[in-house]
1. Hey, with R₀ at 51 Å, roughly what FRET efficiency would Ala198 and Ser234 work out to, going by the Cβ-Cβ distance, to 0.05?
2. When the helix-only estimate is applied to the chain (DSSP H runs of n ≥ 4, each -39,500 (n - 2.57), divided by the residue count), what is the mean residue ellipticity at 222 nm, nearest 500 deg cm²/dmol?
3. Through the Karplus equation 6.51 cos²θ - 1.76 cosθ + 1.60, θ set to phi - 60°, convert the phi angles of the stretch 140-146 into ³J(HN,Hα) values in whole Hz; use x for Gly and Pro.
4. In terms of modelled amide H atoms, which long-range or inter-chain residues lie less than 5 Å from the amide H of Ala28?
5. If the elastic network links every pair of Cα atoms under 10 Å, which of Met267, Met77, Met109 fluctuates the most in the Gaussian network model of the chain?
6. Would you mind checking which residues have amide H under 5 Å from Gly387's amide H? H placed 1.01 Å from N; only 5 or more apart, or other chain.
7. Show which aspartates and glutamates lie in cross-link reach of Lys143 when reach means a straight Cα distance below 16 angstrom and same-chain residues fewer than eight apart are skipped.
8. Which whole-Hz couplings ³J(HN,Hα) result when phi for each residue of the stretch 181-193 is put into the Karplus expression 6.51 cos²θ - 1.76 cosθ + 1.60, θ = phi - 60°, listed in order with x for Gly and Pro?
Amino acid sequence: MKLVEEIISFHHELSAIRRDIHAHPETAYEEYRTSRVVAEKLEAWGLEVHRGLGGTGVVGSLRGGKSERAIGLRADMDALPLQEYNTFEHRSQHSGKMHACGHDGHTSMLLGAAKYLSQHRGFDGVVHFIFQPAEEGGGGAKKMLEEGLFDRFPLEAVFGMHNWPGLEPGKFGVRAGAMMASSDKFDIVVTGKGAHAALPHTGIDPVLTACAIVQGLQSIVTRNRDPVEPAVISVTQIHTGDAYNVIPNEALIRGTARAFSVEMQAMIESGVKRVAEGIAAAHGASATVEYHRTYPPTLNHSRETEIAANVMDAIVGPENVVRDIPPAMGSEDFSFMLLEKPGTYVWIGNGGEAGGCQLHNPHYDFNDEIIALGATYWVRLAEHYLGPARSPS
């Protein structure tokens, strides 16, 4: 493994930053302390710092050489609304909030790259270090884009990275095309006609109708979808009724849908509306569907994926880079950035021992041993993509 030696020398500093952020988790659009820590570090290292993009986002820009070419490296900063069960010293100090997805580690790795590159500007161009708020369901990437991220900070390509507990430390995983799924949610209100439970013929039962709709929604996946293209529709809530002997007026159905292409995402959306409205009508009831597209699928670009994989090969060896890792049905709002700019999103192994339990778990902790590796990847990617700085003419 070929880590940047200087990054190893200040690994303890990065680990301390990571643990400090872990102890002070902040959820979507509340990352005031975290963004302040990030901005102050970047300013101390001589970067041009811009605060407040997307609410609490931070962008640090660093120039090397004379080229106007630019690259974006992105880390997310927010925590989850989850009670932490760990008892170690750096556990969350805020009840009901926890860094259970490793964004504290992502932030520290990117800070490590910024520190090193600020002292060794051997690249030719500009590196924009993007510290994003509100990845966990808040759409922070979309908000930064809406507020002009790529207009204010023009770049050729953008790259993201996430720790992956199912992968051993010292390994990377990546693939061209779909890396993670879209994430949509839906609310279906079924309206019938209330009645006494002993006289069902006098009403229109929204509970029975809702049950039929739940079953019918699965026909979208089993009969409207190409069998070789993955997708899932999961109904997770049904709310209705208040009494044993009363058929209610309404039933509420809620759920989520996931897919690996924008075309499949659109097909599911139209299918949910068609099936819900049609089955409700067949029962004499009505259905109102609200379908919310949360995150699009995370679609890696082929050229940038190859570049990233080659950089990883040089650091850990080809045998430790899984170039066709199976995609995950989880979602990621870095997908919004990849819809606007070429780039790729990679996984870095977090391990299965201490610090390696699954993401969004109350016992999760980021593995500090991979911080130097992640920071090295960022450094070598920026240097490779932009090339060496040209000597003054």
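1. 0.90
2. Calculated from helices alone, the mean residue ellipticity at 222 nm is -10500 deg cm²/dmol.
3. With coefficients 6.51, -1.76 and 1.60, one gets x, 5, 4, 5, 4, 5, 4 Hz.
4. Under 5 Å from the amide H of Ala28 lie the amide H atoms of Ala79, each far enough along the sequence or on another chain.
5. Met267
6. Those lying under 5 Å, H to H, from Gly387 are Asp124.
7. Glu30, Glu31, Asp76, Asp78, Glu135, Asp151, Glu332, Asp333, Glu340
8. 8, 5, 9, 10, 9, 9, 10, 10, 9, 9, 10, x, 9
Computed from the coordinates by the stated procedures, all read-outs in this text should not be read as laboratory data. Every value quoted in this text rests on a predicted model; they were computed, and no experiment measured them. Please note: Cβ atoms are built from the backbone with ideal geometry, for glycine as well, and neighbour counts cover all protein chains shown.
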